[in-house]
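One structure is given here, and the rest of the page talks about it.
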Amino acid sequence: MPELPELNPVIHGKLRLALLSLLAGVEEAEFTWLRAKTGSTDGNLGAQLMKLEESGYVAVEKKFVQRKPQTIYRMTDTGREALQEYVSALKQLLGAAI
């Protein structure tokens, strides 16, 4: 029996996978846009984005626009590579089932 691939535990979380998938399709995204797309609470979204940031998968930029705070997220090259590896491992794991 072939050895099963390991799935990256940082990406494997449902919300973190959704966030990386969303960020892969855009140059950058505001916190509020990510919240609307995922339907997540501010607290959970912030915690999951922090895990992705700590792993080097996303970069964050905080600034003020007309005196209102704005938080922008971008996927890093490391994040893109990790997501590609995750998808490859998932395809390998699923094998003929797809």
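What follows is calculated from the coordinates using simple rules that are stated; it is not laboratory data. These numbers were taken from a predicted model, which means no experiment stands behind them. So basically every Cβ, Gly included, is an ideal-geometry build from the backbone, and we count neighbours across all protein chains shown.
A few remarks follow.
- Under 5 Å between amide hydrogens, built in the peptide plane, is the criterion, and for THR76 it picks out VAL58, ALA59 among residues at least 5 positions away or on other chains.
- Translational diffusion of the stretch 9-88, estimated by Stokes-Einstein from the Kirkwood radius over alpha carbon pairs at 10 °C in a medium of 1.306 mPa s, is 126 µm² per second.
- Mean Cα-pair separation over length for the chain, i.e. relative contact order, pairs under 8 Å, 6 or more apart, %: 34 percent
- Annotation: extensible slack from PHE64 through LEU7 equals 16.8 nm (criterion: 0.36 nm per residue apart, minus Cα-Cα distance).
- Peptides ranked, highest mean first, by Cβ atoms within 10 Å: ranges 15-27, 61-73: 15-27, 61-73
- Applying the Karplus relation 6.51 cos²θ - 1.76 cosθ + 1.60 with θ = phi - 60° to the stretch 30-42 yields 3J(HN,Hα) values of 7, 3, 5, 5, 4, 4, 5, 5, 9, x, 7, 7, 4 Hz, where x marks Gly and Pro.
- Among LYS14, LYS91, the order by Cβ neighbours within 10 angstrom, fewest to most, reads LYS14, LYS91.
- Cα-centred dipole magnitude for the chain, charges only on beta-carbon of K, R (+1) and D, E (-1), debye, nearest 20: 500 debye
- Computed extension length for VAL87-LYS37: 15.9 nm, one decimal, from 0.36 nm per residue of separation with the Cα-Cα distance subtracted.
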